[in-house]
Amino acid sequence: MQNKVVKFGGSSLADAAHFRRVAQIIKADPARRFVVASAPGKRFSGDEKVTDMLYRCYEMMRNREDITDFYQKITTRYTDIIEGLGLDFDISGELDYIKNAILHHSGRDFAASRGEYLNSLILAKYLGFDFVDAENVVYFKDDGSYDEETTDREMKKALANLKHAVIPGFYGIMPNGTIKTFSRGGSDITGSIVAKAAEADLYENWTDVSGCLMADPRIVKNPLPIKAVTYRELRELSYMGASVLHEEAVFPVRSAGIPINIKNTNDPLAPGTMIVANATEYDAKHIITGVAGKKGFSVITIEKDLMNSEIGFGRKVLDVLEDNEISFEHLPSGIDTMSIVIASSELEGRRERILSSMNRAVKPDSIVIDDGLALLAVVGRGMVKAKGTAARVFDAVSGQGINIRMIDQGSSELSIIIGVEENDLERALDAIYHEFVKD
Ligand code: ASP
């Protein structure tokens with residue numbers, strides 16, 4: 001029998017009605033054995049996620065404010081779910097214990113983690129599944145990094161004799177016994193970790209959209225969904241801001257060759273998006289898989305006659321960045337020019353220091369920093385084979401009267417990156433999308 005790990009996001013577990021839908025989805029397929037749950041998300045626009053409420057409770061405690069009334073709101077989120085499901089389940093003891101622990105300085109991560117802990121207890125009870133606490137199966141090292149080896153071993157042991165289980169997402173345990181969370185949205189990572197340990201055939205990640213879209217729907221009207229995307233393509237797209245999945249969530253399953261299927265709780269029969277290592281069996285209809293863009297970049301342009309023959313020039317420039325702990329994004333260069341594309345936020349408060357260090361290091365003829373650059377990535381495994389893709393990208397953008405300030409094509413030919421003025425990003429992105437996707 002197939003073995004699937006299913007992770008449900010906060011929007012899919014926000015209230016009792018959503019719990020019912022989730023239970024139907026799980027029970028519809030016996031292969032859905034291990035369930036990873038997030039904390040209750042927003043029920044309507046303007047509502048607050050339980051995780052945010054827990055962080056707030058913690059801050060209130062630190063400021064010596066009375067948390068009683070506010071904590072009651074969190075309590076009500078859970079008791080509403082339990083009552084709405086008609087469950088005979090008393091979690092008042094758990095809720096009291098957590099409130100006390102927050103008041104007695106159990107830590108910020110502990111407070112935040114209780115959102116998924118309580119939701120998973122309720123879901124396990126409702127489904128009749130075992131509950132496996134993440135604090136017994138997800139481990140961190142002393143330096144706070146994820147401990148893959150111990151987690152894999154302990155998770156495998158815990159799941160070995162269970163037919164079904166619910167595991168809370170987002171947190172694990174430090175060697176000193178304190179609770180630690182992943183970064184926000186980290187239940188996606190837990191899902192991936194469980195899928196690897198359970199040697200799942202598929203990791204289903206259930207959310208409130210029908211998978212990844214070819215472009216940001218706030219910029220392009222009704223972009224098409226992506227049927228299949230490779231891990232590497234997804235990495236390029238999410239780096240540029242396309243977000244359906246936590247960036248780190250692909251790593252555990254990728255190393256185990258387990259595909260991820262992004263699915264929509266509100267439209268369970270829609271195929272969603274498959275994230276796979278090799279997408280040849282999903283022949284893409286379009287040359288590009290997607291296009292995404294991000295604002296907030298700066299370019300340092302350095303010019304010096306005969307730069308190309310000056311040994312060590314590039315290294316000296318990059319040494320200055322390293323000394324200032326600045327990472328760069330792209331490094332397009334010409335014969336006598338070198339440009340370094342950097343997130344503008346990295347330069348804050350350090351511009352003068354960097355300019356003078358670079359002046360000292362390589363004595364350039366000129367060096368300037370220009371801000372206001374947006375980067376745009378056109379991504380697609382199909383681009384390798386298709387001739388003229390770059391020309392089509394440039395024609396689409398220049399057809400809009402937009403100036404291209406930078407071009408970079410990775411050696412993998414998986415993406416073409418272009419830089420445009422921030423104000424032009426939306427129009428450039430829309431033009432590229434419509435160049436490749438004809439309505
Ligand atoms: N509840 C956590 C958050 O809001 C983790 C998650 O949902 O994945 O970030």
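Any residue at all in segment 57-72 that's farther than 28 Å from H164 by Cβ, aromatic (F, W, Y) and either open to solvent by 50 Å² or more (accessible area, probe 1.4 Å) or in a loop (DSSP other than H, G, I, E, B) (or both)? No; the residues of segment 57-72 include none that is farther than 28 Å from H164 by Cβ, aromatic (F, W, Y) and either open to solvent by 50 Å² or more (accessible area, probe 1.4 Å) or in a loop (DSSP other than H, G, I, E, B) (or both). For segment 178-185, the count of residues that are open to solvent by 30 Å² or more (accessible area, probe 1.4 Å), more than 16 Å from the ligand (Cβ to nearest atom) and modelled with pLDDT of 95 or more is at least one. I'd like to verify a number: residues in segment 37-47 that are open to solvent by 50 Å² or more (accessible area, probe 1.4 Å) and either at negative phi or in a helix (DSSP H, G or I) (or both), how many? The number of residues fulfilling the criteria is 4. Go through the residues of segment 350-358 one by one and say whether even a single one is part of a helix (DSSP H, G or I) and under 22 Å from L375 (Cα atoms). So far as segment 350-358 goes, yes, one or more of its residues are part of a helix (DSSP H, G or I) and under 22 Å from L375 (Cα atoms).
For segment 209-231, does any single residue satisfy the condition of being of a type outside the set (D, E, K, R), within 16 Å of the ligand (Cβ to nearest atom) and either outside any helix (DSSP H, G or I) or open to solvent by less than 10 Å² (accessible area, probe 1.4 Å) (or both)? There is at least one residue in segment 209-231 that is of a type outside the set (D, E, K, R), within 16 Å of the ligand (Cβ to nearest atom) and either outside any helix (DSSP H, G or I) or open to solvent by less than 10 Å² (accessible area, probe 1.4 Å) (or both). The set of residues in segment 405-434 being over 14 Å from F394 (Cβ atoms) and either among the charged types (D, E, K, R) or in contact with an Asp or Glu (Cβ under 7 Å, 6 or more places away or on another chain) (or both) consists of E413, L414, S415, E421, E422, E426, R427, D430. Within segment 1-36, restricting attention to residues that are loosely packed, with under 15 Cβ neighbours inside 10 Å and among the charged types (D, E, K, R), the residue that is nearest to the ligand (Cβ to nearest atom) is R20.
Selection of segment 166-189 for residues being touching a residue at least 60 places away in the same chain (Cβ under 8 Å) and farther than 27 Å from K4 by Cβ yields T178, I179, K180.
To keep it simple, each residue is scored yes or no on (1) open to solvent by 60 Å² or more (accessible area, probe 1.4 Å); (2) of a type in the set (A, V, I, L, M).
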site	(1), (2)
I287	no, yes
V291	no, yes
M307	no, yes
L318	no, yes
S345	yes, no
S356	no, no
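The values are calculated or read from the model by the stated rules, or taken from the named source; none is laboratory data. This is a predicted model, so every value here is computed, not measured. Using ideal geometry, Cβ is built from the backbone for each residue, glycine included, and neighbour counts are taken over all protein chains shown. Note: areas computed on protein heavy atoms with side chains; ligands, DNA, RNA excluded. Shrake-Rupley method; radii C 1.70, N 1.55, O 1.52, S 1.80 Å.
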